[in-house]
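This report refers to the structure that appears directly beneath it.
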Amino acid sequence: MVTATVPVRATTLACPNCGSSIALHAQGWAVTVACSSCGSVLDALDPNLRVLQEHAMRLPHTPAIPLGTRGKIRGVEYEVIGCQRVAIEVEGVEYAWTEYVCFNPYHGFLYLSAYEGHWNVIEKLRRKPSAPSGSSRPAITLDGRTYHHFQTAVARTTMAMGEFPWELRVGDEVKARDFISPPFILSAEVSDQEVTWSRGEYTDPSDIAKMFGVPSIDRRPEGVFANQPNTHVRAARRVAKVGGPLMLVWFLMLLAVILLSQRDEVFTETYTYDRTRGEQNALVTGPFELRGRTSNVRITLRAALENDWTYFGLALINDGTGQARDVGKQLSFYSGRDSDGRWSEGSRNGSVTLSSVPSGRYLLRIMPEGGEPIGDPVSYTVSVKRDVPAYSHFVIAFFALIIPMALVWAPVIGFESRRWMESDHEGALLNFPKDEDGA
Amino acid sequence: MTAPAPFSTSCPSCGAPIRFRWAQAVQTTCDFCKSVLVRQGLDLTKVGQQADFPVTASPIQLGVEARWGNRTLVVVGRLTYEWTRGRWNEWYCRVSDGSSAWLSDAQLEYAITAEVDAGRPLPDPSTVSVGDVVETDHTRYTVTSLSQAMYIGTEGELPFTTSGREHSWFADLLDASGGFATLDGSESPPLLFVGEYVSWTELRATGAREFAGW
């Protein structure tokens, strides 16, 4: 049986360009190897490491994860065998990141990318996403998940060291199209021959630091990365989970109040307030009956005021117990004409609502007071209604519900706007991310 | 003609024992002198010499057993190809249901394919382009990549002889539901192999090569 040259850990060869030693960790799998000392790109399939590209780049570069480091990714041990710097240019600004090649002789290759502290674990895909029809913006689907187009740019390899399972050359350019559905990113690399797809999963730097035993990786990433999960969403959804049903309860209660209020008019009568008679204006109405459940009572006053005001002292008296509830209401109405035209201020009518009045026989004591000293007698109408819809509590409850919701959703929107600001679709912020736990 | 049963014989070149494990095998390579031997009936003829095997590493080797759904594969032969972007192995396998299949290992990306009758003539892969549609009686495929590959090594038993072959065209095909196939131009008319990608975990291989340190 033919036994191919099987690598026993690393094989060490000399760089044919500068003579430095080159450790081959994946001999037989790697296609190109770049010398870490002189930067030459060599043919890893050639026993003599034929030079493919001499002094291809400026060195040194110190990768965060040294070549040869091993770590467990998704339960499988991988060794970092190569790394390259890749740069894109957007509106004249260069953005560069580092890509690591991770290798296991049975499971194959996985890749890591690192940009300003943001890490992705990337696998090559051997199936293609499909384009859904009728989408307003470019989007693709894979395994039932929709990915939105984020950015298209030309990515150029500016530096390489170690081993690569493809024919790498420094200066290689590919057109990269990125689609996101946090925490995932799908990238299509379009070269002359074909389109290759890969899927990255955003991974916390502390996880990468633990996987490879490199504590310095565990630092706070800068800014928001394309497929970084929006962690504010979780809190916002939790609030929405409570707030949503409460809003529904709020609405149902409001509906019940509107539909079920009986609005019974139990009393109405018209009187005259003559201010020359002073306290003799006080009066007590005839008794009226409040029937049914305990409910609110609304006393409405309408007074024929003309550039005048009146204060009404009111008392709702339970005829059985003699218990009285005192309230007051002032009405004032002024109008005239000036250089700007007609004006008016105040109102001729107003009402006051008493809550939780039990059924029974009641009387109303009315004591009108005040007003302009030389006013005419004022005719006014008093009417009493029970069980009228009252909305003030609903207004308060509405704000009590909406303010916390706004407070938790604001950072979600802020995060999304920072994410999409870096994309080709700046206006696309209202693309709410899915919950990371898939809910 | 009935297929010859597995049998043992000796290498016509060096006399070392040769044992065929697969009744339909046409070609084998002597483990000792690397002579490439072709079987005609019970006779073995030397048709070539396998040079030093090129540097390619694979955890798969002759004798490996792997799972393919509820079937079992046994690896009996190997073809190694080289193209512009590297090398890959096609491992010829006996399947537990009596059929045969190929387990390909392209830089540790695995796929299992089996020959399928397209039901109609297929275009030669050297004449198609990426994006072309190739239709069979069952499926409508799109050409996703094209490669011209060189034969650079052979090992074990194969269902045909590689003698006289130097290179061949291959077209990779995908259907709308992600199904994958290869149009193999090594024979005329071309052959269609339909398959699926598998992960190392799914293969549950036994008897795999061991790598020091792993």
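At a glance:
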read-out: The listed residue being aliphatic (A, V, I, L, M) and not in a strand (DSSP E or B), out of A:L112, A:L49; value: A:L49
read-out: Only listed residue being surrounded by fewer than 17 Cβ atoms within 10 Å (Cβ to Cβ), in contact (Cβ under 8 Å) with a residue 12 or more places away in the chain and of a type in the set (D, E, K, R), chosen from A:R298, A:R302, A:R291; value: A:R291
read-out: Within segment B:163-214, considering residues that are within 14 Å of another protein chain (Cβ to nearest Cβ) and of a type in the set (S, T, N, Q), the one farthest from the chain's Cα centre (by Cα); value: B:S177
read-out: Residue that is nearest to the other protein chains (Cβ to nearest Cβ) [pool: residues in segment B:116-131 that are crowded, with 16+ Cβ neighbours inside 10 Å and over 16 Å from B:S168 (Cα atoms)]; value: B:V116
read-out: Residue selected from segment A:14-31 under the condition crowded, with 17+ Cβ neighbours inside 10 Å and either more than 18 Å from B:L108 (Cβ to Cβ) or aromatic (F, W, Y) (or both), by the criterion nearest to the other protein chains (Cβ to nearest Cβ); value: A:W29
read-out: The lone exception for B:P125 - which of (1) in contact with a Gly (Cβ under 7 Å, 6 or more places away or on another chain); (2) not assigned by TED's automatic domain parsing to the domain that holds B:W88 it fails; value: (2)
read-out: Matching residues, segment A:70-106, being more than 14 Å from every other protein chain (Cβ to nearest Cβ) and in a loop (DSSP other than H, G, I, E, B); value: A:E91, A:G92
read-out: Residue match in segment A:129-138 (condition: closer than 25 Å to A:C83 by Cα, touching a strand residue (DSSP E or B) at 6+ places or on another chain (Cβ under 8 Å) and surrounded by fewer than 16 Cβ atoms within 10 Å (Cβ to Cβ)); value: no
read-out: Flag for B:N89 being without any contact (Cβ under 8 Å) to a residue 60 or more places away in the chain, at the interface with chain A (Cβ under 10 Å from one of its Cβ atoms), closer than 16 Å to B:Y197 by Cα and not acidic (D, E); value: yes
read-out: A:V214, sole failed condition from (1) surrounded by fewer than 14 Cβ atoms within 10 Å (Cβ to Cβ); (2) over 21 Å from A:W409 (Cα atoms); (3) at pLDDT 90 or above; value: (1)
read-out: Tally of residues being crowded, with 19+ Cβ neighbours inside 10 Å, within 14 Å of chain B (Cβ to nearest Cβ) and either in contact with a helix residue (DSSP H, G or I) (Cβ under 6 Å, 6 or more places away or on another chain) or part of a loop (DSSP other than H, G, I, E, B) (or both) across segment A:161-175; value: 2
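The values are calculated or read from the model by the stated rules, or taken from the named source; none is laboratory data. Predicted model only: the values in this text are computed from it and were never measured. Please note: Cβ atoms are built from the backbone with ideal geometry, for glycine as well, and neighbour counts cover all protein chains shown.
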